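**Student:** Sharing a structure below in structure tokens format, with a few things to ask.
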Amino acid sequence: MRYQRPKGTADTLPADTRHWQYVEGIARDVFAKYRFEEIRTPMFENFEVFSRTSGDTSDIVTKEMYDFKDKGDRHITLRPEGTAGVVRAFVENKLYGPETQKPYKVYYMGPMFRYERPQSGRLREFHQIGVEAFGSDEPALDVEVIAVGRDLLKHFGIDNVRLAVNTLGDQQTRDDYRKALVAYLEPHYEELSDDSKTRLYKNPLRVLDSKDEQDQKFVEGAPSILDYLTPEAQAHFDEVQNLLKALDIPFEIDPTMVRGLDYYNHTIFEFMVNSKALGHGYTTICAGGRYNGLVSELGGPEMSGVGFGMGVERLLLLMQGEGVAFPDQHPLDAYLVGIGEGANAATLQVVQALRGQDFAADRDYLARKPKAQFKTADKLNAKYTLTIGEEELKTNTIHVKNMASGNEVTVPVANVTSDFAAVIANID
Ligand code: ATP
Ligand code: MG
């Protein structure tokens, strides 16, 4: 019996994990500069952690969750996104207390699970890199989070991004806007998609997020939330814009943008790219916003948060599509060629000694002919090819060749095993 991986999942093989590690490494470096520290939370949580936070009309909760009863009859969900678990951990570990520095800034990277129709850039197990920052209502923190997202993309070699921002205001704003939206949509009730019919009264903002073509035409003519902002919400949004301008971060305001999750308020944003690698038109690769009610929703005090999530699969498709070069992070320094039975122990000793000196070294393990071994050295892009043949074995020497310059030298084996750096210094 042969098995296939479950639909919507991927095997990431070494040719690709190289790219993943490169992206993750850059992310860690960028986050360190912004003083975000890593947090790791479980890959599954109690169902309520997501149902209470994502909203019971969200696509995630209504259609996409991997949830099940475990053997102890607990209702468990594989995490569909990163924020809710981080907020749960923030509350459970009382990180809101005075012992922790505010804002409390963390990042995560890891798999997320959504039951979706798999297609390019859309999987059932996918990965996000995300940040969350807790404990400040200042617009400057919204902008810090946007800035780290943009900086990340820049470091990934993605320059051509569109940053769309909007505000969902405060509670008053949304109450007022909700009424206006319902009044506008109600006359068209019969023409709305089934999903939107349900949402119209439960959460009309979500109708704006509908991907259904039937709904799209109503979205265009819908009232704008920007006309319903309270003075406080307006001031917050104005300041976010001022600070984005102060940092020379270009952005567009998209008043019809709402986010797929219920927990956002005030600033929301999406980084979008227009690349054939991701299909037609603009695709969102990083999205986030402010979620001031979430900490208290999960049993903590009133404490605000702001964050984003970036889809790693989409990012990688994009980087590959745009021809971003992935540097080889672990190049092969030395490849050992052994000629004849007698060289076996000697080559093994040399590769091991080189590794001990922090060089990446390898040799043949298939008893291949010298010609095939030299070919392998070439194919693996070895910087140096080291050869121990019959002659070298007799004299206890080794031949070292710099593959780039072609310079070569024969030295006592002991020179290589004790100080390879000194040997290659002479042929570089
Ligand atoms: P979409 O509208 O494409 O379904 P979303 O609004 O559901 O996206 P978010 O919940 O905001 O997405 O997740 C943030 C990012 O995670 C997305 O911009 C995308 O890059 C990535 N993402 C979301 N769902 C998937 C998936 N099923 N497969 C791969 N990446 C995904
Ligand atoms: Mg989605």
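The values are calculated or read from the model by the stated rules, or taken from the named source; none is laboratory data. Note that the structure is a prediction, hence the values are computed from the model and not measured. Methodologically, a virtual Cβ is constructed for each residue, glycine included, from the backbone with ideal geometry; neighbour enumeration extends over all protein chains shown.
**Student:** Residues of the range 5-21 being in contact with a strand residue (DSSP E or B) (Cβ under 7 Å, 6 or more places away or on another chain) and at negative phi, which ones?
**Tutor:** Thr9
**Student:** Has the range 22-34 got at least one residue that is within 15 Å of ligand 1 (Cβ to nearest atom) and more than 16 Å from the chain's Cα centre (by Cα)?
**Tutor:** Within the range 22-34 (the criterion being within 15 Å of ligand 1 (Cβ to nearest atom) and more than 16 Å from the chain's Cα centre (by Cα)), the answer is no, since none of the residues qualifies.
**Student:** Taking the range 279-301 only, how many residues are in contact (Cβ under 8 Å) with a residue 60 or more places away in the chain, among the hydroxyl-bearing types (Ser, Thr, Tyr) and within 19 Å of Val49 (Cα to Cα)?
**Tutor:** Count: 1.
**Student:** Checking Val411 against (1) in a helix (DSSP H, G or I); (2) without any contact (Cβ under 8 Å) to a residue 60 or more places away in the chain, only one condition comes out false. Which one?
**Tutor:** Result: Val411 fails condition (1) only.
**Student:** Can you pull out every residue in the range 202-244 that is within 31 Å of the chain's Cα centre (by Cα), more than 16 Å from Thr256 (Cα to Cα) and of a type outside the set (S, T, N, Q)?
**Tutor:** Within the range 202-244, Ala233, His236, Asp238, Glu239, Val240, Leu243, Leu244 meet the criteria.
**Student:** With respect to Val400, determine if the residue is assigned to a strand (DSSP E or B) and over 16 Å from Thr347 (Cβ atoms).
**Tutor:** So Val400 does not fit the description; no.
**Student:** Condition first: farther than 28 Å from Ile76 by Cβ and touching a residue at least 40 places away in the same chain (Cβ under 8 Å). Can you find one or more residues in the range 1-11 that meet it?
**Tutor:** No, that holds for no residue.
**Student:** Scan the range 96-149 for residues that are farther than 16 Å from Glu64 by Cβ, within 16 Å of ligand 2 (Cβ to nearest atom) and touching a Ser or Thr at 6+ places or on another chain (Cβ under 9 Å) and report the count.
**Tutor:** 1
This table checks each residue for (1) on the phi > 0 side of the Ramachandran plot; (2) surrounded by 19 or more Cβ atoms within 10 Å (Cβ to Cβ); (3) in contact (Cβ under 8 Å) with a residue 60 or more places away in the chain.
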residue: Ser304; (1), (2), (3): no, yes, yes
residue: Glu322; (1), (2), (3): no, no, yes
residue: Gly338; (1), (2), (3): no, yes, no
residue: Ala345; (1), (2), (3): no, no, no
residue: Ala360; (1), (2), (3): no, no, no
residue: Arg363; (1), (2), (3): no, yes, no
residue: Leu366; (1), (2), (3): no, no, no
residue: Pro370; (1), (2), (3): no, no, no
residue: Gln373; (1), (2), (3): no, yes, no
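**Student:** Taking Tyr201, is it in contact (Cβ under 8 Å) with a residue 40 or more places away in the chain and in contact with a helix residue (DSSP H, G or I) (Cβ under 8 Å, 6 or more places away or on another chain)?
**Tutor:** Taking the combined requirement at face value, the residue does not satisfy it.
**Student:** Give just the number: which of (1) more than 10 Å from ligand 1 (Cβ to nearest atom); (2) of a type in the set (S, T, N, Q); (3) under 17 Å from the mean Cα position of the chain (by Cα) does Thr283 not satisfy?
**Tutor:** All conditions are met except number (1).
**Student:** Hey, could you check the range 139-169 for residues that are surrounded by fewer than 18 Cβ atoms within 10 Å (Cβ to Cβ) and in contact (Cβ under 8 Å) with a residue 60 or more places away in the chain and say which is nearest to Glu270 (Cα to Cα)?
**Tutor:** Arg162
**Student:** Here is a follow-up. Could you check, for the range 225-246, whether at least one of its residues is assigned to a helix (DSSP H, G or I), assigned by TED's automatic domain parsing to the domain that holds Glu81, of a type in the set (Val, Ile, Thr) and at pLDDT 90 or above?
**Tutor:** Yes, there is a match, as at least one residue in the range 225-246 is assigned to a helix (DSSP H, G or I), assigned by TED's automatic domain parsing to the domain that holds Glu81, of a type in the set (Val, Ile, Thr) and at pLDDT 90 or above.
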